[in-house]
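The values are calculated or read from the model by the stated rules, or taken from the named source; none is laboratory data. Small disclaimer: the values here were computed from a predicted structure and weren't measured. Note that each Cβ is placed from the backbone with ideal geometry, even for glycine, and that neighbours are counted across all protein chains shown.
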Amino acid sequence: MPDIDATILDAIQIPALWKPWFKEPETWASWCCFLKVLFGEPLSPAEQALFIECTGRRQPADQGYNEAWLICGRRSGKSFWH
């Protein structure tokens, strides 16, 4: 595998890495927003609105977070075999 300098969100778009598993990127928008918050990346206005809706907070931490606990139910993307 080539040496690639990429963020986790970049890796989702790189064919040699994870892109083959993300066939419908629009269905992963909420998870990408979560990853941006977790790693302290800037949010678009739509992502900011989603963050507020999901957390009740006005602003995520600028530096991201060191830990996250996820409770993932049905249709959350835990498995996506097509």
Open item on the list: Considering only segment 20-35, I want to know if a residue exists there that is on the phi > 0 side of the Ramachandran plot and either touching a Ser or Thr at 6+ places or on another chain (Cβ under 6 Å) or not in a helix (DSSP H, G or I) (or both).
Closed with: no
TODO: Among residues belonging to segment 43-70 that are part of a loop (DSSP other than H, G, I, E, B) and among the charged types (D, E, K, R), point out the one that is surrounded by the fewest Cβ atoms within 10 Å (Cβ to Cβ).
DONE: 67
Open item on the list: Which pairs turn up if I take residues in segment 4-22 that are without any contact (Cβ under 8 Å) to a residue 24 or more places away in the chain and farther than 16 Å from residue 38 by Cβ and look for partners that are surrounded by 12 or more Cβ atoms within 10 Å (Cβ to Cβ) and among the charged types (D, E, K, R) with beta carbon separation below 7 Å, at least 6 apart in sequence or on another chain?
Closed with: 13/19
Task: segment 60-82, subset over 24 Å from residue 45 (Cα atoms) and modelled with pLDDT under 75, residue nearest to the chain's Cα centre (by Cα) - done: 78
- [ ] Filter segment 9-49 down to the residues that are among the aliphatic types (A, V, I, L, M) and within 18 Å of residue 69 (Cα to Cα), then identify the one that is nearest to the chain's Cα centre (by Cα).
- [x] 35
